[in-house]
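Note sheet for the following structure.
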Amino acid sequence: MRLILNSFTFAIILTPLVFSSSVSLGDGFYLPTLENIEIHIDNLWANFKKGYNIGYNATAEEIHRFKIFANHVKMIIKHNVEHDLGLHTFRLGINKFATLTNEEFRQQYNGYRRPKDSRKQYSDIRHSHIFSASYTTLPVSIDWRDRGIVTPVKDQAQCGSCWAFSTTGALEGFHARSSGKLVSLSEQQLVDCSSHWGNNGCNGGLMDNAFKYVHENKGIDDESTYPYVGKDEAACKFRRKSVASTCDGFVDIPQGNETALQEALAFQG
């Protein structure tokens, strides 16, 4: 049972501080209100551990994680009640990260590393006129998922490889627009093979470094050929016969230039 709690609704009665009774989410699972969370939190914790197949060898560690989990649940409930009052535009739900502190999450998943001289370092392969749409009216909105050029949501696991997923996401969209074929590209190849271009695998990296690697390597494999394992592998397993896409160049959108950001999103994907 996956406890992704993002489809329930709280009823607000009398005042914003008085909430309805617990709301069923199926399979006998209930998200408590702030009023009765202490009564139900143990059952919620048991269902969470079962749903994500989580176990702890040490009692002290489980107590520590339980406290973090309980605080997150309270924050989620409070936020979603405020959402129903019109104070927020989005709802929150429990997921597998509910036992991590914010600092732990940043350490494990935020692997973006930007060197100060990166803009100068890679100017040799950037195309300064990849997009120029000043003569074209920008759309009010666009969702490339509806156009079939966005791959399904991926999970980087406990590896600081967000930079690799950002790289493949950009390449996948551009490749789909130019070829008509949506192909999931290999983040693991970038993790394993681009260290000589300045990346550090699960310890962080930069999209510019990855683009330069794909450009000079003359390609990147698809996901099925070079699947993601979420850790640093000992050797690069790139196979040229499995190349699914290439990178001719890239452009960094100027910081603070929302028009350039709109153009890139609207016309590049």
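The values are calculated or read from the model by the stated rules, or taken from the named source; none is laboratory data. It should be emphasised that the depicted structure is a prediction, and the values quoted were computed from it without experimental measurement. Neighbour counts run over all protein chains shown; Cβ positions are idealised from the backbone, glycine included.
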| Looking at region 205-231, which of its residues are in contact with a helix residue (DSSP H, G or I) (Cβ under 7 Å, 6 or more places away or on another chain), at pLDDT below 95 and small (G, A, S)? | G205
| field | Residue under evaluation Y228, criteria (1) in contact with a Phe, Trp or Tyr (Cβ under 8 Å, 6 or more places away or on another chain); (2) part of a loop (DSSP other than H, G, I, E, B); (3) crowded, with 19+ Cβ neighbours inside 10 Å, criterion not met | value | (1)
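Name the residues in region 240-259 that are surrounded by 12 or more Cβ atoms within 10 Å (Cβ to Cβ) and either out of contact with any helix residue (DSSP H, G or I) (no Cβ under 8 Å at 6 or more places or on another chain) or touching a residue at least 24 places away in the same chain (Cβ under 8 Å) (or both), would you? If you could, list the steps in order and put the result at the bottom.
Just the residues of region 240-259 that are surrounded by 12 or more Cβ atoms within 10 Å (Cβ to Cβ), to begin with: 242-247, 249-253, 259.
Residues satisfying the conditions are S242, V243, A244, S245, T246, C247, G249, F250, V251, D252, T259.
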| said: Looking at I41, I77, I63 in this structure, which one is under 14 Å from L100 (Cα atoms) and β-branched (V, I, T)? | reply: I63
| query | Any idea which residue in region 186-198 is surrounded by the most Cβ atoms within 10 Å (Cβ to Cβ), counting only those that are among the polar types (S, T, N, Q) and more than 16 Å from A170 (Cα to Cα)? | reply | S194
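Within region 146-163, can one find any residue that is closer than 23 Å to L265 by Cβ and touching a strand residue (DSSP E or B) at 6+ places or on another chain (Cβ under 8 Å)?
The initial filter retains those residues of region 146-163 that are closer than 23 Å to L265 by Cβ, namely 146-154, 156, 162-163.
Now narrow it down to the ones that are touching a strand residue (DSSP E or B) at 6+ places or on another chain (Cβ under 8 Å): 162-163.
Within region 146-163, one or more residues are closer than 23 Å to L265 by Cβ and touching a strand residue (DSSP E or B) at 6+ places or on another chain (Cβ under 8 Å).
Quick check on region 234-246. Is at least one of its residues of a type outside the set (F, W, Y), part of a helix (DSSP H, G or I) and within 30 Å of L138 (Cβ to Cβ)? Spell out the reasoning first.
To start, the set of residues in region 234-246 that are of a type outside the set (F, W, Y) comprises 234-237, 239-246.
Remaining after also requiring part of a helix (DSSP H, G or I): 240-242.
Pick out the ones that are also within 30 Å of L138 (Cβ to Cβ) and you get none.
Within region 234-246 (the criterion being of a type outside the set (F, W, Y), part of a helix (DSSP H, G or I) and within 30 Å of L138 (Cβ to Cβ)), the answer is no, since none of the residues qualifies.
Would it be correct to say that T59 is in contact with a His (Cβ under 9 Å, 6 or more places away or on another chain) and not small (G, A, S)? First the steps, then the outcome.
Values: in contact with a His (Cβ under 9 Å, 6 or more places away or on another chain): no; not small (G, A, S): yes.
Taking the combined requirement at face value, the residue does not satisfy it.
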| field | Options Y135, Y122, Y109: the member that is modelled with pLDDT under 90, buried (at least 16 other Cβ atoms within 10 Å of the Cβ) and farther than 30 Å from G51 by Cβ | value | Y122
| task | Looking only at region 199-225, count how many residues are among the acidic types (D, E), surrounded by fewer than 21 Cβ atoms within 10 Å (Cβ to Cβ) and either part of a helix (DSSP H, G or I) or out of contact with any strand residue (DSSP E or B) (no Cβ under 7 Å at 6 or more places or on another chain) (or both). | result | 1
| query | For region 154-198, which residues satisfy the criterion of being modelled with pLDDT of 95 or more, part of a loop (DSSP other than H, G, I, E, B) and among the polar types (S, T, N, Q)? | reply | S184, S186, S194
| query | Quick check: is even one residue across region 150-158 under 14 Å from the mean Cα position of the chain (by Cα) and over 23 Å from S242 (Cα atoms)? | reply | yes
| query | Looking at region 62-92, which of its residues are closer than 21 Å to D42 by Cβ and either among the β-branched types (V, I, T) or surrounded by fewer than 16 Cβ atoms within 10 Å (Cβ to Cβ) (or both)? | reply | I63, H64, K67, I68, N71, V73, K74, M75, I76, I77, K78
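Scan region 139-148 and give yes if some residue there is closer than 30 Å to R65 by Cβ and modelled with pLDDT of 90 or more, otherwise no. Spell out the reasoning first.
Residues of region 139-148 that are closer than 30 Å to R65 by Cβ, as a first pass: none.
No.
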